[in-house]
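> Let me begin by handing over the structure; questions about it come next.
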Amino acid sequence: MSDVRWLTIIGLGEDGPDGLSPASLDALRAADVIMGSERHLSLVKCGSGQRVTWPVPFEDGLPVLDGLRGRNVAVLASGDPFWFGAGSVIARRFAPGEWRAIPGASVFSLAAARLGWPLERVTCLGLHAAPFARLRPHLATGQLAIATVRDGAAVGELAAYLDFLGFGKSRMHVLEALGGPRERCRDVSAGTYALDDVTHPVAVAVEVAGSNVSLSAASGQPDDVFESDGQMTKRPVRAITLSALAPRPGERLWDIGSGSGSVAIEWLMAHASTQAAAIEMRADRAARIRKNANALGQDRLLVVEGKVPESLSGLDAPNAVFIGGGLDRNLLDWISGNLAPGTRVVANAVTLETSALLTEAQAEFGGTLTKVELAEAAPVGRFRGWRASYPVVQLSVVL
């Protein structure tokens, strides 16, 4: 690839060239080609370069842009191209020496400036091409969030989503065409939303309000958060298991015999950069895992249908492995023989046979062997007594 900068990514506001920096204006005037969406091209009148409309879907525009290599090209993007914008996608495609970026004010900065919100304490999300459920982990009374959305209709859909979850009292600031002559800011309640004239581009700022419907910030979500057929690591054991797995930013988990996906999903909840693959042999459970992940805003979960260890060989290597189902000697041997030293492995067993297997494995591989016995109070006639769950034997080892 050439080391000559032929590509300039320009962050454009709704005020068109009036809000552009001198460097952006110079880049537009010098460009042989100006490429952008129809809306962006209509906002910019300066520059005599050839106009090329970026196609839909967005990915189809990258080969077109690649074909313009060698010419002086300006690409128009919204606001700050590297905050839920096109910048990072374009930057991954081309070498650092081929492009430069001149960002403008982001929609998040403009929204915070209108509302007087401290942006460092606001959740910022790009929901224009992502499910609303990505907002789910951040919904708690008193929290602030700003999200870009697809279009005017999507604002009503977001209001209905919030109301469905029990956050109908949330205050929504509907922010249209921020920074331009068409700018309009209106406040509504999610539960009584009735606007029918919202236009694109639009963002929504939410002051969250709702009682007893927020997700926990700690590991060990309530069992009823997950849809399950009963094959699930229950809340207290799940919290202990996640503590043993010890998720860290950027790390990847394999959740083998995932059942409902609860461990993998909570691993992803630990940090926005974590990754996970849920491996499940049964198709109905794999479908349920996807449903649970999507509902809780963790749609980045990779769900793999197949037997182990056969289905493991094509996956990116993990930093940690949880074996919640399918535990046998063959699987343990495959893991110890194929995964890198330093990989953390946690396995839970309930039956006598699998407990004996973990006892043997601990003698061979080391690590910590723990027996977890739990009981809950339950009615016994007119009184109450302790109802014990099956003991769980847990092996935690670093390869």
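> Residues G342, G326: which one is surrounded by 14 or more Cβ atoms within 10 Å (Cβ to Cβ) and assigned to a loop (DSSP other than H, G, I, E, B)?
On the way: G342 fails: surrounded by 14 or more Cβ atoms within 10 Å (Cβ to Cβ).
Within the list G342, G326, the selection yields G326.
> Answer yes or no: is there a residue in region 354-361 that is modelled with pLDDT of 95 or more, of a type in the set (V, I, T) and more than 26 Å from the chain's Cα centre (by Cα).
First, pick out the residues of region 354-361 that are modelled with pLDDT of 95 or more: 354-361.
Still in the list and also of a type in the set (V, I, T): 354, 359.
Those still in the list that are more than 26 Å from the chain's Cα centre (by Cα) too: 354, 359.
Looking for residues that are modelled with pLDDT of 95 or more, of a type in the set (V, I, T) and more than 26 Å from the chain's Cα centre (by Cα), one finds at least one in region 354-361, hence yes.
> Could you list all residues from region 375-399 that are β-branched (V, I, T) and within 40 Å of the chain's Cα centre (by Cα)? It would help to see each step written out before you state the result.
Taking region 375-399 and keeping what is β-branched (V, I, T), we get 380, 392-393, 397-398.
The answer is V392, V393, V397, V398.
> With respect to G85, is the statement that it is out of contact with any Lys or Arg (no Cβ under 6 Å at 6 or more places or on another chain) and in the same structural domain as G142 (by TED's automatic domain parsing) true? Break it down into steps so the answer makes sense when it comes.
Details: out of contact with any Lys or Arg (no Cβ under 6 Å at 6 or more places or on another chain): yes; in the same structural domain as G142 (by TED's automatic domain parsing): no.
No.
> Could you run through region 146-177 and say how many residues are of a type in the set (F, W, Y) and within 10 Å of A209 (Cα to Cα)?
The initial filter retains those residues of region 146-177 that are of a type in the set (F, W, Y), namely 161, 164, 167.
Narrowing the set further to residues that are within 10 Å of A209 (Cα to Cα) leaves 167.
Of the residues in region 146-177, 1 are of a type in the set (F, W, Y) and within 10 Å of A209 (Cα to Cα).
> If a residue must be part of a helix (DSSP H, G or I) and either surrounded by 12 or more Cβ atoms within 10 Å (Cβ to Cβ) or outside the structural domain of T241 (by TED's automatic domain parsing) (or both), how many such residues does region 361-399 contain? Quick ask: steps written out before the conclusion?
Filtering region 361-399 down to residues part of a helix (DSSP H, G or I) leaves 361-365.
Add one more test, that the residue is either surrounded by 12 or more Cβ atoms within 10 Å (Cβ to Cβ) or outside the structural domain of T241 (by TED's automatic domain parsing) (or both), and what stays is 361-362, 365.
Qualifying residue count for the region: 3.
Yes/no matrix, rows are residues, columns are (1) outside any helix (DSSP H, G or I); (2) of a type outside the set (G, A, S); (3) free of Cβ contacts under 8 Å to residues at least 60 places away in the same chain; (4) touching a strand residue (DSSP E or B) at 6+ places or on another chain (Cβ under 9 Å):
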{"site": "N294", "(1), (2), (3), (4)": "no, yes, no, no"}
{"site": "D299", "(1), (2), (3), (4)": "yes, yes, no, no"}
{"site": "V308", "(1), (2), (3), (4)": "yes, yes, yes, yes"}
{"site": "S311", "(1), (2), (3), (4)": "no, no, yes, yes"}
{"site": "L331", "(1), (2), (3), (4)": "no, yes, no, yes"}
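> Right, another one. Looking for something β-branched (V, I, T), assigned to a loop (DSSP other than H, G, I, E, B) and farther than 16 Å from R71 by Cα - is there at least one such residue anywhere in region 4-21?
Going through region 4-21, the residues β-branched (V, I, T) turn out to be 4, 8-10.
When the remaining residues are screened for being assigned to a loop (DSSP other than H, G, I, E, B), the result is 4.
Going one step further and asking which of them are farther than 16 Å from R71 by Cα, we end up with none.
Among the residues of region 4-21, not one is β-branched (V, I, T), assigned to a loop (DSSP other than H, G, I, E, B) and farther than 16 Å from R71 by Cα, which makes the answer no.
> Going residue by residue through region 263-283, is there one that turns out to be among the acidic types (D, E) and assigned to a loop (DSSP other than H, G, I, E, B)?
No.
> Here's another thing I want to ask about it. If you go through region 1-42, how many residues are crowded, with 19+ Cβ neighbours inside 10 Å, hydrophobic (A, V, I, L, M, F, W, C) and over 22 Å from R93 (Cα atoms)?
Residues meeting the conditions: 1.
> If you don't mind, another one. Might you let me know whether region 196-205 holds any residue that is among the polar types (S, T, N, Q) and closer than 26 Å to L12 by Cα?
Keep residues of region 196-205 that are among the polar types (S, T, N, Q), which gives 199.
In the following step, the residues that additionally are closer than 26 Å to L12 by Cα were identified as 199.
The answer is yes, given that some residue of region 196-205 is among the polar types (S, T, N, Q) and closer than 26 Å to L12 by Cα.
> I would also like to ask the following. Return yes or no: is R288 outside any helix (DSSP H, G or I) and assigned by TED's automatic domain parsing to the domain that holds R238?
On the way: outside any helix (DSSP H, G or I): no; assigned by TED's automatic domain parsing to the domain that holds R238: yes.
Taking the combined requirement at face value, the residue does not satisfy it.
The values are calculated or read from the model by the stated rules, or taken from the named source; none is laboratory data. If you're wondering where the values come from, they're calculated on a predicted model, not measured in any experiment. All Cβ positions, glycine included, derive from the backbone under ideal geometry; neighbour counts span all protein chains shown.
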